[in-house]
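Values in this text are rule-based calculations from the coordinates and carry no lab data. Just so you know, these numbers come straight off a predicted model, no measurement behind them. Positions of Cβ are generated from backbone atoms using ideal geometry, with glycine treated the same way; all protein chains shown enter the neighbour counts.
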Amino acid sequence: MSGVRRQIAFPGPERAPDATPPREPRETHPDDGLLTVRAAEGDEEAFAVLVREHARALVGLATRLLGDRAEAEDAVQDAFISAWRRLPEFRRQSSFGTWMYRIVTNRCLNVLRARRPVTSLEAAGEFAAPEHDSPERVTEARDAVRGMRRALDDLSAEQRACWVLRELDGHSYEFIAETVGISQEAVRARVFRARRCLTRALGAWR
């Protein structure tokens, strides 16, 4: 296990959040299936390749969910260690990337349930004020960010996860339901309530 832990290293933060993140977790290595089989047999080098291929996308997901890069890296590291232990049970009914996506999401849900989240809206990448705006407009934008932060803090863990997966990552209700472990109707309800809460927060400063 110590050897696997040393293999888990993350790339530095990207220069800016992608406004259109990948819509589905996907395999980026042509031999992911073979690597997964080899890793399940105890091949740490094969697992290290899988980590390198998927770490950036998974840290991005965790950052959007938790709002903090350091916490996100901790969550993803824990998820990879859990995956290493559980690989012999992995039946490959989904891809390794999708499996990890679900493990990371559920790890982040546990973190969110354990504390009131401190939100970094840089993860969403949608509320920064343009540099050429007037001082008054910049002040208004900063007030909006603070209001949105408070609104996100008020969401339940499931509401926040469902909103991020739907609104920022663009996943289907079916995918979110399978990932979070609730019904599609429950996902729709949580996304609706989160949208309403965030809309009210934005409306308060307009």
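The table for this structure:
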{"item": "Inter-label distance for Arg188 and Asp31, nm, one decimal - labels placed 7 Å from Cα along Cα-to-Cβ", "result": "4.5"}
{"item": "Cut-off under 5 Å, modelled amide H: who pairs with Gly67 long-range", "result": "Ser120"}
{"item": "Residue-by-residue Karplus 3J(HN,Hα) for the stretch 91-107, coefficients 6.51, -1.76, 1.60, Hz, glycine and proline x", "result": "9, 6, 6, 10, 6, 4, x, 5, 4, 5, 4, 6, 4, 5, 4, 6, 5"}
{"item": "Cα gyration tensor shape of the stretch 165-206, rounded if a/c is under 1.5, else prolate or oblate by comparing a/b with b/c", "result": "prolate"}
